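**Student:** First the structure, which I've put down as structure tokens, then a few questions once you've had a look.
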Amino acid sequence: MLGVIGGSGFYSFFGDDARRVPCDTPYGKPSAEITVGTVGGHEVAFLPRHGERHEYSAHTVPYRANLWALRALGVRRILAPCAVGSLTPELPPGSVVVPDQLVDRTWGRADTYFDDGGVHVEFADPYCPTLRTAMVGLPDVVDGATMVVIQGPRFSTRAESQWFAAAGFRLINMTGYPEAVLARELEICYAAIALVTDLDAGVDVGSGVKAVDVFAEFQKNIEPFKKLVHQGIERVDEERSCTHCLAHEGIELPFELP
Ligand SMILES: [Zn+2]
């Protein structure tokens, strides 16, 4: 089964015929009930990352419960649409980008299932190459960018933003971590697909990020973006063939996976 974790503005994905699945996990309840429907021949489980009414801010999203609940349902591949800021005028608002790297600047989030025992998963390339290939084949999608994930919920200062841009990071977001690493720890293929909603504070042409502008830009682009994600799902192979994301080879886990 494929999973989709929808970001801001992405609270539903199917028509009324979707099946709702209440879930509970050892890490508490996920952000919302998961809905299961069919897209492009795939059975798809959809979970709104921030809850159905955006109850969870980026730093309070129950990430461990979300990934665990999807895995327990049978999900082994996840597409993660998200809203991002751009750190370069080359990626103006409305751009859709499939990032290939991330930098974690969050703090205090529960970002592992392996609190006990010496388990260290490989994470040099945080995104699934197979899912990325499917997504970058979509029309007008940009292939590759480093996404820096900040703690939020505030936006960056101008100096932070300029620092990130000088380091070569091109996208900025608040939810891409720990979602990606938790997927890897559960051996779930994971790829983000990012919709640019604003130029972050430090980009010369910007006057600073205001939430009202971000949401207005997002509203304008959200329906085409959802359609694009539907098209992306149609491009995903029926069977999972990826071995890159099987992170447990040679590792003894302290517990059984669902
Ligand atoms: Zn993979």
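The values are calculated or read from the model by the stated rules, or taken from the named source; none is laboratory data. Just so it is clear, the structure is predicted and the values come from calculations on it, not from any experiment. Cβ atoms come from the backbone with ideal geometry, glycine included; neighbour counts cover every protein chain shown. Note: accessible area is taken over every heavy atom of the protein model, side chains too, but ligands, DNA and RNA are not part of it. Shrake-Rupley method; radii C 1.70, N 1.55, O 1.52, S 1.80 Å.
**Student:** Any residue that is open to solvent by 30 Å² or more (accessible area, probe 1.4 Å), in a loop (DSSP other than H, G, I, E, B) and under 17 Å from residue 189 (Cα atoms) - is there at least one of those in segment 134-142?
**Tutor:** No, because not a single residue in segment 134-142 is open to solvent by 30 Å² or more (accessible area, probe 1.4 Å), in a loop (DSSP other than H, G, I, E, B) and under 17 Å from residue 189 (Cα atoms).
**Student:** Could you list, ordered by first residue, the pairs with Cβ atoms under 8 Å in which the first is in segment 128-142 and more than 16 Å from the ligand (Cβ to nearest atom) and the second is small (Gly, Ala, Ser), at least 6 apart or interchain?
**Tutor:** Listed by first residue and then by second, the contacts come to 138/232; 142/95.
**Student:** Looking at segment 1-50, which of the residues that are touching an Asp or Glu at 6+ places or on another chain (Cβ under 8 Å) and among the aliphatic types (A, V, I, L, M) is most open to solvent (accessible area, probe 1.4 Å)?
**Tutor:** Per the stated criteria, the residue is 1.
**Student:** Continuing with this model, one more query. Can you work out which of the residues in segment 221-241 that are among the basic types (Lys, Arg) and in contact (Cβ under 8 Å) with a residue 12 or more places away in the chain is nearest to the ligand (Cβ to nearest atom)?
**Tutor:** Selected residue: 240.
**Student:** Looking at this structure, is residue 119 within 30 Å of residue 239 (Cβ to Cβ), more than 16 Å from the ligand (Cβ to nearest atom) and out of contact with any helix residue (DSSP H, G or I) (no Cβ under 7 Å at 6 or more places or on another chain)? Write out each step before concluding.
**Tutor:** Numbers: within 30 Å of residue 239 (Cβ to Cβ): yes; more than 16 Å from the ligand (Cβ to nearest atom): yes; out of contact with any helix residue (DSSP H, G or I) (no Cβ under 7 Å at 6 or more places or on another chain): yes.
So residue 119 passes the test.
**Student:** Let me ask something additional. Any residue at all in segment 152-175 that is without any contact (Cβ under 8 Å) to a residue 24 or more places away in the chain, within 16 Å of the ligand (Cβ to nearest atom) and over 18 Å from residue 83 (Cβ atoms)?
**Tutor:** No, that holds for no residue.
**Student:** When segment 72-97 is examined, which residues are found to be within 16 Å of the ligand (Cβ to nearest atom) and part of a strand (DSSP E or B)?
**Tutor:** 77, 78, 79, 80
**Student:** Right, here's the next one. Could you list, in sequence order, the residues of segment 6-36 that are in contact with a Lys or Arg (Cβ under 7 Å, 6 or more places away or on another chain), of a type in the set (Gly, Ala, Ser) and either without any contact (Cβ under 8 Å) to a residue 60 or more places away in the chain or part of a strand (DSSP E or B) (or both)?
**Tutor:** Of everything in segment 6-36, those that are in contact with a Lys or Arg (Cβ under 7 Å, 6 or more places away or on another chain), of a type in the set (Gly, Ala, Ser) and either without any contact (Cβ under 8 Å) to a residue 60 or more places away in the chain or part of a strand (DSSP E or B) (or both) turn out to be 6, 31.
**Student:** Looking only at residues in segment 242-253 that are over 21 Å from the mean Cα position of the chain (by Cα) and open to solvent by 70 Å² or more (accessible area, probe 1.4 Å), which one is nearest to the ligand (Cβ to nearest atom)?
**Tutor:** Among residues in segment 242-253 that are over 21 Å from the mean Cα position of the chain (by Cα) and open to solvent by 70 Å² or more (accessible area, probe 1.4 Å), the one nearest to the ligand (Cβ to nearest atom) is 249.
**Student:** To continue, here is another question. Quick one: would you say residue 103 is touching a residue at least 60 places away in the same chain (Cβ under 8 Å), part of a strand (DSSP E or B) and of a type in the set (Val, Ile, Thr)?
**Tutor:** Criteria met by residue 103.
**Student:** Continuing with this model, one more query. For segment 49-67, does any single residue satisfy the condition of being over 22 Å from residue 112 (Cβ atoms), out of contact with any His (no Cβ under 7 Å at 6 or more places or on another chain) and not in a loop (DSSP other than H, G, I, E, B)?
**Tutor:** Checked against the condition, which is being over 22 Å from residue 112 (Cβ atoms), out of contact with any His (no Cβ under 7 Å at 6 or more places or on another chain) and not in a loop (DSSP other than H, G, I, E, B), segment 49-67 yields no hits at all.
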